[in-house]
Structure formats: structure tokens, C-alpha cells
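Have a look at the structure below, then the notes.
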Amino acid sequence: PTYYVHMDVFPLTVNGKVDRKSLPDPEFRGNEDYVAPRTEEEHLLAAVWSEVLGLEEVGITDNFFAIGGDSIKSILINSKIKKAGYSISIKDVFLYQNIESLAIRLRKEDNSSDQSLITGGVGLTGIQHDFVFRDLKDKGHYNQSVLLNF
């Protein structure tokens, strides 16, 4: 969807800033240039963008920022793409602002981790080494307390 407002001059406050309360409501002009997603990656991005931006449909040529995107929403998109098994940088969302150019930059991620048995010795951590080899008078009293009042 595309929203338009034609203005010759922005209304200003007495301080010279844009008077947001005096701005007219944008006019919706449909999406005559809608181009449907074609590839699996484009479908994924379109679904994620629709969900995050609260739109019914997003075309692959729609500009992310023109349809309501911002930096916070790009982080949400990044997170949802990651959950779907792909990765993309937030910088890419800013550089390639439509699905068509962004989809070719998606990378399939293998999120599986090695679950095989691990054997062998493990050295002490720094704090463990200090506790074991330090000459403490009462090692059984070496603790940290917290007092809780109810």
C-alpha cells in the first residue's frame, strides 16, 4: 500500500518545528504496482514483512520504509527470519529496501548442533583454581550470602 499527501508547505509551530497535529491525514491510493512473490525466499520475506508491518500483502517491489518499516521493525524481521532458518543482516534491510533485492541475500542457516558424546579432561576455571589452591582457613565457610526481608 502507498499513502500520499501533497503539501506545498509544512505547518510549523512557533518554535519552527513541524506541527504534527496540523498535518493532514495521508490518502491511501491502493497498490497498483503490486508484484507477487515468486521464490521461496520472497514468500518468506513477504509473510514476515506483512506480519511485522501489519499489512495484508506486501509486494516484492514495495519499499520497506515507504510501507511503514523502521529500525525497530527491521530487528523484528531479522529475528523472525532467523527463526525460519535463514539469516540476513539488519544492514542489508537498510541497503536493499525491497523484497526482490533482499531475497537473494538470504542465507540458509544450519541451526543444528553436535549432540555427540564429549570425553576428556576439563581444566579448572580461574575461580575454581583460586579456591582449590589458595590457603583458606575455613574452606567450608567460603560462600556468598544474601539476606531477604519479607
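The values are calculated or read from the model by the stated rules, or taken from the named source; none is laboratory data. What you are looking at is a predicted structure, and each value in this text was computed from that prediction instead of being measured. In case anyone asks, the SASA skips ligands and DNA or RNA and just uses the protein heavy atoms, side chains included. Shrake-Rupley method; radii C 1.70, N 1.55, O 1.52, S 1.80 Å.
Things worth noting here:
- Taking the chain and dividing mean pair separation by its residue count, relative contact order in percent (alpha carbons under 8 Å, at least six apart): 16
- The stretch 45-150 - percent of accessible surface contributed by carbon and sulfur, probe 1.4 Å: 54
- Under 15 Å from the Cα of LYS91 - aspartates and glutamates, other chains or at least 8 residues apart: ASP70
- In the chain, helices alone account for a calculated mean residue ellipticity at 222 nm of -8500 deg cm²/dmol, with every DSSP H run of four or more residues adding -39,500 (n - 2.57).
- Note that the chain presents 78 Å² accessible area per residue, ligands and nucleic acids not counted, probe 1.4 Å.
- Given (i) 1.40; (ii) 1.06; (iii) 1.84, the label whose value is Cα Rg over 2.2 N^0.38 Å derived from this model: (iii)
- Volume of the convex hull of the stretch 67-146 (Cα atoms only), normalised per residue: 223 Å³.
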